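Enquirer: Quick one: the structure is below, questions incoming.
The values are calculated or read from the model by the stated rules, or taken from the named source; none is laboratory data. Note that this is a predicted model, so its numbers are computed, not measured. FYI the Cβ positions are ideal-geometry reconstructions off the backbone, even for glycines, and counts take in every protein chain you see. Accessible surface areas use protein heavy atoms only, side chains included; no ligands, DNA or RNA. Shrake-Rupley method; radii C 1.70, N 1.55, O 1.52, S 1.80 Å.
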Amino acid sequence: FPAERGTPVMRRWLFLLAAALILPVPAWATDVLTLGVLSYRPKEVMQRTWQPLADYLTQAVPDHEVRLRVLNPAEMEGALQRHELDFVFTNPAHYIKLRSGNLLSGALATLVRAEQGHIVPAIGGVMIVRDDRADITQLRDLYGKRVATPAPSFLGGFVSQAYEIVDAGLDLGRIRFESSAQLHDRIVDAVLKGEVDAGFVRTGVLEDLAREGRTDLSQLRVLNRQELPGFPYAVSTRLYPEWPLIALPQVDSEIARLIAARLLSLEAEDPAARAAGIHGFAIPADYAPVESAMRSLRAPPFDQQVGRAESRAHI
């Protein structure tokens, strides 16, 4: 348009063309997929740990961004009710609880951790007391004691330990559980300060805190310690499958397939895996043992089912 180069119309056209070339692509051009991750440690720690995985998954789906949200149990359940999450990454007991009230897929993949050269596909629970508590040396000594736990929906922070206690023929009702602290870091601190008599945390937390210089493990003792060949963490219980990653029903099946493929192809040397301290992901594990333990304990959601059954029996 040489003859019109100086006209107002042409100047406006050239300005719009330059703006289109210079300005970044608007946010609406990329669809957001939200990944909700359960927080069992401080949110800033969880954000730093799992943000590289969200970035890694963003590469799996063209024109999509996988955005991370770190949530406590109540926040996650609220976000699910408001349909704000597309994927959920949580502990197996919480997954089974959520599944009872939400339409969730089966697991797309199961986490595999890494610790000092060991591949760790399983999770367990740890029961801790201060090392100077000579009055607590066996499970029965927990009777009448204050025991801090994150919440009944935590596999490594309650279900696994509670199942060991019941399996030993002991009565959970004689233990004074306090579940106000959902962060495992806070539970460890409460035990060390003498605010509670004992605490339940998931495997790996003690080692993480020691590595970060947060905790002197010599001040703690593991109750009911198990010696499991090849398992690198302190543990008080039997082992269960690690965390699942789950898709919500609104996620397109092709997108879910691409995300699953990306998870399974994550290499241990990838920066995303190294940031999270994991080996990668494996095909979905069988979570039936977790559900069986929860049913035995009448842990939510199976407490409601038992209540309904008992009500029918009295009609």
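Enquirer: Please indicate, with yes or no, whether at least one residue in segment 154-169 is closer than 22 Å to THR215 by Cβ and outside any helix (DSSP H, G or I).
Expert: yes
Enquirer: Next question, about the same structure. Every residue in segment 41-68 that is part of a loop (DSSP other than H, G, I, E, B) and within 24 Å of ALA151 (Cβ to Cβ), please.
Expert: First, the residues of segment 41-68 that are part of a loop (DSSP other than H, G, I, E, B): 41-42, 59-63.
Scanning segment 41-68 gives ARG41, PRO42.
Enquirer: Taking segment 94-106 on its own, how many of its residues are of a type in the set (Ser, Thr, Tyr) and more than 15 Å from the chain's Cα centre (by Cα)? Before you say what the answer is, go through the steps one by one.
Expert: First pass over segment 94-106, keeping only residues of a type in the set (Ser, Thr, Tyr): 95, 100, 105.
When the remaining residues are screened for being more than 15 Å from the chain's Cα centre (by Cα), the result is 100, 105.
So the count comes out to 2.
Enquirer: Related question: Can you tell me how many residues in segment 69-90 are open to solvent by 20 Å² or more (accessible area, probe 1.4 Å) and either part of a strand (DSSP E or B) or touching a helix residue (DSSP H, G or I) at 6+ places or on another chain (Cβ under 8 Å) (or both)? Spell out the reasoning first.
Expert: Filtering segment 69-90 for residues open to solvent by 20 Å² or more (accessible area, probe 1.4 Å) gives 69, 72, 74-75, 77, 81-84, 86.
Now restrict to residues that are either part of a strand (DSSP E or B) or touching a helix residue (DSSP H, G or I) at 6+ places or on another chain (Cβ under 8 Å) (or both): 69, 77.
Result for segment 69-90: 2.
Enquirer: Here are some residues: ALA122, ALA109, ALA54. Which one is within 26 Å of ASP270 (Cα to Cα), free of Cβ contacts under 8 Å to residues at least 24 places away in the same chain and within 16 Å of the chain's Cα centre (by Cα)? Give the derivation first.
Expert: Numbers: ALA122 fails: free of Cβ contacts under 8 Å to residues at least 24 places away in the same chain; ALA109 fails: free of Cβ contacts under 8 Å to residues at least 24 places away in the same chain.
From the options ALA122, ALA109, ALA54, the qualifying one is ALA54.
Enquirer: Are there any pairs with C-beta distances below 7 angstrom linking a residue in segment 242-258 that is in a helix (DSSP H, G or I) to a residue that is of a type in the set (Lys, Arg), with the two at least 6 apart or on different chains, and if so which?
Expert: Taking only residues 6 or more apart or on different chains, not a single pair turns up.
Enquirer: If only one of VAL129, VAL112, VAL120, VAL147 is under 30 Å from ASP252 (Cα atoms) and modelled with pLDDT of 95 or more, which one is it? Can you show your working first?
Expert: On the way: VAL129 fails: under 30 Å from ASP252 (Cα atoms); VAL120 fails: under 30 Å from ASP252 (Cα atoms); VAL147 fails: under 30 Å from ASP252 (Cα atoms).
Checking each option against the conditions leaves just VAL112.
Enquirer: Quick one: which of ILE259, ILE278, ILE255, ILE283 is within 26 Å of GLU212 (Cβ to Cβ) and among the β-branched types (Val, Ile, Thr)?
Expert: Working: ILE259 fails: within 26 Å of GLU212 (Cβ to Cβ); ILE255 fails: within 26 Å of GLU212 (Cβ to Cβ); ILE283 fails: within 26 Å of GLU212 (Cβ to Cβ).
One residue alone meets the criteria, ILE278.
Enquirer: Is it the case, given these coordinates, that ALA275 is closer than 24 Å to PRO62 by Cα and open to solvent by 30 Å² or more (accessible area, probe 1.4 Å)? Steps first, answer last, please.
Expert: Working: closer than 24 Å to PRO62 by Cα: yes; open to solvent by 30 Å² or more (accessible area, probe 1.4 Å): yes.
In short, yes.
Enquirer: Another one. When residues of segment 169-188 are filtered for being open to solvent by 40 Å² or more (accessible area, probe 1.4 Å) and closer than 23 Å to PRO42 by Cα, how many remain?
Expert: Adding up the residues that qualify gives 7.
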